[in-house]
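One structure below.
Every read-out reported here was derived from the displayed coordinates using simple, explicitly stated rules and does not represent laboratory data. As the structure is a computational prediction, the values presented were derived from the model and not from experiment. Note that each Cβ is placed from the backbone with ideal geometry, even for glycine, and that neighbours are counted across all protein chains shown.
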Amino acid sequence: MKKCVAHIISKTQLCEGIIDMRLRTEAARGARCGQFVLVFPNDPSRLLGRPLCICQAQEDCLRIVFRISGRGTQEISELHTDEKIMIEGPLGNGWDVSAAAGKEVLLLCGGIGAPALLQLAQDLCSIKGKENGPKQVRAILGYRDASMKAFLAEDFKEHGAEVIIASDDGSIGVGGNVLDAAKQEGIGADVIYACGPMPMLSAVKGYAREKGIPAYISLEERMACGVGACLGCVVKTAEKDGHSHVNNARICTEGPVFDASEVIL
Amino acid sequence: MRDLSVSFCGMKFKNPVTCASGTFGSGIEYSEFVDIDKLGALTTKGVSVTAWEGNATPRVAETPSGMMNAIGLQNPGVDVFIQRDLAFLREHDVPVIVNVCGHSTEEYVEAVKILSDREEVSCLEINVSCPNVKEGGIAFGTDAKSLFSITQAVKKASKKPVIMKLSPNVTDIALMARSAEEGGADAISLINTFTAMKIDIYRKCFVLANRTGGLSGPAIHPIAVRMVYEASKAVKIPVIGMGGIACAEDAIEMMMAGATLVAVGMMNFHEPALMTDIIKDMEGYMEKTGLERISDIIGCMHG
């Protein structure tokens, strides 16, 4: 593996502060759903790569959808088509697709968590009804309000997922968060895959435990190396982790996807 | 053929480039990116007698031309380290410098005794300068008398050359270098990170869970050069120079200031292949300037 160049093919703003970027890069090759890349700002005073989830990947084409959350992502968002940026990846473990075999799958996407689940939705829908595939794929996409324009909802639909939209203020879709929507709409599931803000993931963990179903969650943390060497990005684990031999797992390497029952949020 | 080799503590290293402890693990993860056998030496992340959990997250934050970290020396303990990490390194052709940490003199001595029996280990680097643990670490490295005593204790327990890793968070680095030398150190390495702080002004909270963290990266490089110069002038033992090295020019500068070996730290995160690039570019510098032996520039600014 090596750090490599990515050429920007297209860039659009999906809503205020959320950027959709397509890149041509060898870092896309062999990427699995749920993995991430480090994207390095070109400004030489910003030296660490930004860990951004892979929204979609096919051959040499990588799609990232990210929120502008600081100066680094601001700089990346200002790049134009045909400009270059350095990328490292694909990194991390990715989603466990096999856990969906024969199951009714529920994807819970909280705000900027949605991009981390799109490739999974696509992969699951492509094997839906088959022996190793899920019985059903439903996605609840939660937004703050209508101003977020239900970004990516159409993409989930396009790939064949049944989509329910929720918003905190009820200005679009069902009022409330993704779990409120699941309860209100009476949506059952045999397995949950979720990504979103920490309070949401904590609630998902509790919900899955209560229902006695498995839940896989994708976590984020401030990272430095992204490959498991620096131990900067860890999450507390219920049991001693096999690599660290303490109750910490590396989000960049053992994660970013974890079985919710194995981590302490 | 230009000669990149250097002599260090009675050993000959194929080139002067190693990694700074904690930035490269034991090389297992980065061996996917870089041929670790090309390094002059590989310095492992700090290891203690028993496993340490480290600090709460966030543990890292970017700063202008650098970063802060407060990992807190999380490590699996010396037994796992020997079974897994040293076993991996045994299969490679690279001298191993093992960084050792502890909460007390006894813990340092115990780890040193266990590790200095291992034939895979070339030298032991004693971390008395970590700013992110409450006991041990920097407490030993910022007081000249404590540094002298722990150096003596560790040296007595070790069958391998002992490198004392110094903190820059001191008034007089030359005094600290001399204390280590007088305690019997075979070498010193510097600088560890500067204690620093970053505040999120919107959330009104510290960015790192530990409140403070160690600052590293190119931002500190000129200070590191000055401290390596002052420390190396004060002692006769060899010095490993580190602090924000980002290219061959920085490494050569550090050697001219007095370093025999140079260590690349946080910049490994920016470019995993950086150390081998630096080795290549050092050779380019030698070609360009007609330098035959890299060792000829060590401390050439002391004059």
- Message: Would you work out the Kirkwood radius for region A:104-209? I mean one over the mean of 1/r across all pairs of different Cα atoms, in Å.
- Response: 13.5
- Message: How big is the dipole moment of region B:5-58 about its Cα centre under a simple scheme where the beta carbon of each Lys and Arg is +1, that of each Asp and Glu is -1, and everything else is neutral? Debye, nearest 20, please.
- Response: 300
- Kindly point out, ordered by number, any Cys in chain A whose beta-carbon has no other cysteine beta-carbon under 4.7 Å away. A:Cys4, A:Cys15, A:Cys33, A:Cys53, A:Cys55, A:Cys61, A:Cys109, A:Cys125, A:Cys195, A:Cys233, A:Cys252
- Item | Dipole magnitude of the protein assembly as shown, debye to nearest 20 (Cβ charges: Lys/Arg +1, Asp/Glu -1, about Cα centre) | 640
- Query: Leaving out same-chain residues fewer than 8 places away, which lysines sit with a Cα under 22 Å from that of B:Lys159?
  - Reply: B:Lys12, B:Lys45, B:Lys113, B:Lys236
- Note on the structure: Square roots of five times the C-alpha gyration tensor eigenvalues of chain A, ordered largest first and given in whole Å, equal 27, 22, 18
- Query: Taking R0 as 45 Å, what's the FRET efficiency between B:Glu287 and A:Glu131 from their Cβ-Cβ distance, rounded to 0.05?
  - Reply: 0.10
- Message: What are the extents of the Cα atoms of region A:4-91 along their three principal axes, in Å, largest first?
- Response: 30, 28, 24
- Query: What ranking of A:Leu52, B:Leu190 emerges when the number of other C-beta atoms within 10 Å of each C-beta is taken as an exposure proxy, fewest first?
  - Reply: A:Leu52, B:Leu190
- Sorted by average packing, counted as other Cβ atoms within 10 angstrom per residue and highest first, what order do A:66-75, A:173-182, A:143-152 take? A:173-182, A:143-152, A:66-75
- Which of A:Tyr207, B:Cys247, B:Val49, positive extreme of dipole for the protein assembly as shown (C-beta unit charges): B:Val49
- Message: Projecting each Cα onto the charge dipole of the protein assembly as shown (Lys/Arg +1, Asp/Glu -1 at the beta carbon, about the Cα centre), which of B:Gly27, B:Val225, B:Met282 comes out farthest on the positive side?
- Response: B:Val225
- Note on the structure: Rounded to a whole number, the mean other protein chain Cβ count within 10 angstrom for residues of B:54-64 is 6
- Query: Is the protein assembly as shown best put as rounded, prolate or oblate by its Cα gyration tensor, with a ≥ b ≥ c the root eigenvalues, rounded for a/c under 1.5, and otherwise prolate when a/b is larger than b/c, oblate when not?
  - Reply: prolate
- Report the residue, chosen from B:Gly184, B:Gly290, B:Gly241, that carries the largest GNM mean-square fluctuation when chain B is represented by alpha-carbon nodes joined by springs under 10 Å. B:Gly290
- In Å, descending, principal axis extents of the Cα set of chain B: 53, 48, 40
- Around A:Ile87, with a cut-off of 12 angstrom between Cβ atoms, what is the net charge of the other residues, counting Lys and Arg +1 and Asp and Glu -1? +3
- Item | Fewest-first ranking of A:Glu26, A:Glu78, B:Glu283, using other Cβ atoms within 10 Å as the exposure measure | A:Glu78, A:Glu26, B:Glu283
- The alpha-carbon pair-distance distribution computed for region A:66-124, with 5 angstrom bins and whole-percent values, is 4, 12, 17, 20, 18, 13, 8, 6, 2
- Item | Shielding by partners, peptide A:218-225 (average Cβ within 10 angstrom, other chains) | 5
